[in-house]
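A.B. asks: Let me give you the structure first, and then I'll get to my questions.
The values are calculated or read from the model by the stated rules, or taken from the named source; none is laboratory data. Since this is a predicted model, take the numbers as computed values, not measurements. All Cβ positions, glycine included, derive from the backbone under ideal geometry; neighbour counts span all protein chains shown. Heads up: the accessible areas ignore ligands, DNA and RNA and are worked out on the full protein's heavy atoms, side chains in. Shrake-Rupley method; radii C 1.70, N 1.55, O 1.52, S 1.80 Å.
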Amino acid sequence: MIADLGLVVGLALLIVLALRGINILLAVLVSVLVIGVANNIPIQDIFLKHFPFGPSGAFSFAGNFLLLFLCGGLFGRIMATSHAAQGVAVGITERLGQKRALLIAMLVCALLTYGGVVVFVVMFTMYPIGVTLMRTANIPRRLYAAAIALGAGTFTMTALPGTPSIHNVIAARSLSTDLFAGGWYGVFAGAVMAILGMWYLQWQWQRAQQRGENYVANEKDHQMAALAPRPDQRMPGLWKSLMPIFVVLGTIVLPRVLELSGTESAWQDFANKQPVLWASFALIVGSLLCFVLFQPVRKEFVTAAGRGVDDALLPLINTAAVIGFGGVVIQTEGFHAFAAWLLALDIPTLLSVFVSANLISGVTASASGGLQIFMSSLAPAYLESGIAPELLHRIANLAAGGLDSLPHSGAVIALLTLMGLTHKEAYRDIFVVTVLIPMIAALLAVITALILV
């Protein structure tokens, strides 16, 4: 009884501390102490074994994925320093017109994140440009924030095949699949997320106009407006700006294309078996292309690379902390009982995957953290039940991208903090496009798989 109560209190404490803005690492350490003590786990085992070095330990995860985070941070920062990221945003804005500001925000964020740019870099890239878009189109700031969340944190994160996102790589590494596993289910679910999400935002914008709700600037907007490209500032063209992204994706897809053509080689086998290294290599190639194509980054390449490393460390530490939290949780009897209950549910196995990955990601408020815990604790049982690794890869990814965006999510808190918004002002719209709609899309993918498999 005390053990189960401690587990519930520890989970609740993590959520409350995160919502209050407490550093996630501190929040995790306090929470795992509560859980560990209540479950009679020796303190030395909590902090020196299960949290750092267990199968779902913080340092175990950080060691496995350090290179990918660093290369993602490097590519994102170099894209920003070279003005290529801004070039994508400005180029799409010029073609679609500022009146389509919500669609522009979603498309730009999607292109950047699908190509491997870190989510936090995308937020900082889009917000300064967004100030002008919001003011010109008279869009409430809460809806623009939701559009950024839709483009950066939904279909390119978990659904679309081929992306070097950490979620795609976690599944590939755990299941010995490639980054394109379950691709058609991902494309289908991604289209559902993008179409329904944009429909919802446009509908809310129309309702806002009918109510007389307008764009209202705040201090954050004034600060970010100074960082937006000036009208006389020359940005690289859209297609030139997109070239590094295309090269990253092309590098990732090349082994699959050669494999389909019947060509076989040792490096193709390496690419398929080492998704972390191959995705990292693709991001390095994209960074080097930026160096060749864009003169601004050549002047500041070393500085930009250093800042890219800094960009990667905080997300890596936060994600690793959440996974280390899970590393302690899975040592408790309560978690094992919960896992046994999930596996014993009298529902189709794929639906059980949907439920379990969602719940674990909801507890950790992290799709990557929840997915890593799912892969280390539950995935083997689902594989034994007969689910194909490729299908489990994609369905688990889709499911992990549902409840991960609850109010205590680090990405949600970062976006609201960046834009100077409160949960009360903006979370409802973010919830619809990053929780409700992705869960609908994942469920539709599950139903489709049940019909076809």
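A.B. asks: Among the residues of segment 312-328, write down those that are closer than 16 Å to F75 by Cβ and surrounded by fewer than 23 Cβ atoms within 10 Å (Cβ to Cβ). Explain how you work it out, then say what you get.
C.D. replies: Taking segment 312-328 first, the residues closer than 16 Å to F75 by Cβ are 312-313, 315-316.
Scanning segment 312-328 gives L313, P315, L316.
A.B. asks: Moving to a separate point now. So which of T448, T434 is open to solvent by less than 60 Å² (accessible area, probe 1.4 Å), of a type in the set (S, T, N, Q), in contact with a Leu (Cβ under 9 Å, 6 or more places away or on another chain) and assigned to a helix (DSSP H, G or I)?
C.D. replies: Details: T448 fails: in contact with a Leu (Cβ under 9 Å, 6 or more places away or on another chain).
When all the criteria are applied, what remains is T434.
A.B. asks: Tell me, please, whether a residue that is touching a His at 6+ places or on another chain (Cβ under 8 Å) and of a type in the set (S, T, Y) can be found in segment 175-193.
C.D. replies: Step one: filter segment 175-193 for residues touching a His at 6+ places or on another chain (Cβ under 8 Å), giving 175, 177, 181-182.
Those left that are additionally of a type in the set (S, T, Y): 177.
Yes, some residue in segment 175-193 is touching a His at 6+ places or on another chain (Cβ under 8 Å) and of a type in the set (S, T, Y).
A.B. asks: Here's something else I'd like to know. I need the full set of residues from segment 390-431 which are among the β-branched types (V, I, T), closer than 24 Å to I170 by Cα and open to solvent by less than 30 Å² (accessible area, probe 1.4 Å), in order please. It would help to see each step written out before you state the result.
C.D. replies: In the first step, residues of segment 390-431 are kept if they are among the β-branched types (V, I, T); the result is 395, 412-413, 417, 422, 430.
Those left that are additionally closer than 24 Å to I170 by Cα: 395, 412-413.
Across segment 390-431, the qualifying residues are I395, V412.
A.B. asks: With the condition being within 25 Å of F65 (Cα to Cα) and over 25 Å from the mean Cα position of the chain (by Cα), I'd like the helices (runs of 4 or more DSSP H) fully within segment 289-399 carrying at least 3 qualifying residues.
C.D. replies: Here the list reads 301-329.
A.B. asks: Mind checking which residues of segment 319-374 are over 21 Å from A58 (Cβ atoms) and among the β-branched types (V, I, T)?
C.D. replies: Hits for segment 319-374 are I347, T349, V353, V355.
A.B. asks: Another question, if that's okay. Take segment 256-282 and flag every residue that is farther than 13 Å from D178 by Cα, within 27 Å of the chain's Cα centre (by Cα) and among the aromatic types (F, W, Y). Steps first, please.
C.D. replies: Step one: of segment 256-282, the residues farther than 13 Å from D178 by Cα are 258, 260-267, 280-282.
Then keep just the ones that are within 27 Å of the chain's Cα centre (by Cα); that gives 280-282.
F281, the sole residue that qualifies.
A.B. asks: Tell me which residues, restricted to segment 1-27, are closer than 17 Å to Q331 by Cα and part of a helix (DSSP H, G or I). Spell out how you get there, then give the answer.
C.D. replies: Residues of segment 1-27 that are closer than 17 Å to Q331 by Cα, as a first pass: 1-11.
Listed by number, the residues that qualify are I2, A3, D4, L5, G6, L7, V8, V9, G10, L11.
A.B. asks: Does L351 satisfy being within 18 Å of A399 (Cβ to Cβ) and surrounded by 20 or more Cβ atoms within 10 Å (Cβ to Cβ)? Reasoning before the result, please.
C.D. replies: On the way: within 18 Å of A399 (Cβ to Cβ): yes; surrounded by 20 or more Cβ atoms within 10 Å (Cβ to Cβ): no.
Considered against the rule, which asks whether it is within 18 Å of A399 (Cβ to Cβ) and surrounded by 20 or more Cβ atoms within 10 Å (Cβ to Cβ), L351 comes out as no.
A.B. asks: When both residues are 6+ apart or on different chains and their Cβ atoms are under 7 Å apart, which pairs have a first residue that lies in segment 45-56 and is closer than 12 Å to V32 by Cα and in contact (Cβ under 8 Å) with a residue 24 or more places away in the chain, and a second that is open to solvent by 20 Å² or more (accessible area, probe 1.4 Å) and part of a helix (DSSP H, G or I)?
C.D. replies: Qualifying pairs under 7 Å: I46/L33; P52/F59.
A.B. asks: Moving on. State which residue pairs qualify: first residue without any contact (Cβ under 8 Å) to a residue 60 or more places away in the chain and inside segment 258-277, second residue open to solvent by 80 Å² or more (accessible area, probe 1.4 Å) and in a helix (DSSP H, G or I) in any location, beta carbons under 7 Å apart, and separation of 6 or more residues or different chains.
C.D. replies: Close Cβ pairs (under 7 Å, with a partner that is open to solvent by 80 Å² or more (accessible area, probe 1.4 Å) and in a helix (DSSP H, G or I)) amount to Q268/E259.
A.B. asks: Tell me which residues, restricted to segment 67-107, are within 17 Å of V121 (Cα to Cα), without any contact (Cβ under 8 Å) to a residue 60 or more places away in the chain and either open to solvent by 30 Å² or more (accessible area, probe 1.4 Å) or not in a helix (DSSP H, G or I) (or both).
C.D. replies: L107
A.B. asks: Can we say V253 is within 16 Å of L179 (Cα to Cα), in contact with a Gly (Cβ under 7 Å, 6 or more places away or on another chain), part of a helix (DSSP H, G or I) and open to solvent by 30 Å² or more (accessible area, probe 1.4 Å)? Give the derivation first.
C.D. replies: Numbers: within 16 Å of L179 (Cα to Cα): yes; in contact with a Gly (Cβ under 7 Å, 6 or more places away or on another chain): yes; part of a helix (DSSP H, G or I): yes; open to solvent by 30 Å² or more (accessible area, probe 1.4 Å): yes.
Considered against the rule, which asks whether it is within 16 Å of L179 (Cα to Cα), in contact with a Gly (Cβ under 7 Å, 6 or more places away or on another chain), part of a helix (DSSP H, G or I) and open to solvent by 30 Å² or more (accessible area, probe 1.4 Å), V253 comes out as yes.
A.B. asks: Just checking, which of M157, M193 is within 22 Å of N397 (Cα to Cα), hydrophobic (A, V, I, L, M, F, W, C), open to solvent by 20 Å² or more (accessible area, probe 1.4 Å) and touching a helix residue (DSSP H, G or I) at 6+ places or on another chain (Cβ under 8 Å)?
C.D. replies: M157
A.B. asks: Any idea which residue in segment 28-66 is farthest from L11 (Cα to Cα), counting only those that are in a helix (DSSP H, G or I), of a type in the set (S, T, N, Q) and open to solvent by less than 70 Å² (accessible area, probe 1.4 Å)? Give the steps one after another, and end with the answer.
C.D. replies: Initial filter on segment 28-66 (in a helix (DSSP H, G or I)): 28-38, 43-53, 58-66.
Adding the requirement that they be of a type in the set (S, T, N, Q) leaves 31, 44, 60, 64.
Next cut, open to solvent by less than 70 Å² (accessible area, probe 1.4 Å) only: 31, 60, 64.
Working: S31: 7, S60: 22, N64: 26 Å.
Top of the filtered list is N64.
A.B. asks: Hey, another quick one. Would you check if there is a residue in segment 422-429 being within 24 Å of L444 (Cβ to Cβ), in contact with a Lys or Arg (Cβ under 7 Å, 6 or more places away or on another chain) and not aliphatic (A, V, I, L, M)? Break it down stepwise before answering.
C.D. replies: In the first step, residues of segment 422-429 are kept if they are within 24 Å of L444 (Cβ to Cβ); the result is 428-429.
With the extra rule that they be in contact with a Lys or Arg (Cβ under 7 Å, 6 or more places away or on another chain), the set shrinks to 429.
Okay, now just the ones that are also not aliphatic (A, V, I, L, M), so 429.
Among the residues of segment 422-429, at least one is within 24 Å of L444 (Cβ to Cβ), in contact with a Lys or Arg (Cβ under 7 Å, 6 or more places away or on another chain) and not aliphatic (A, V, I, L, M), which makes the answer yes.
A.B. asks: Now a separate question. Suppose we keep only residues that are of a type in the set (G, A, S) and under 18 Å from P315 (Cα atoms) within segment 124-178. Which one would you say is modelled with the highest pLDDT?
C.D. replies: Going residue by residue through segment 124-178, those that are of a type in the set (G, A, S) are 130, 137, 145-147, 149, 151-153, 159, 162, 165, 171-172, 174, 176.
Adding the requirement that they be under 18 Å from P315 (Cα atoms) leaves 149, 152-153, 165.
Values: A149: 93, A152: 89, G153: 88, S165: 86.
Restricting to residues being of a type in the set (G, A, S) and under 18 Å from P315 (Cα atoms), the top hit is A149.
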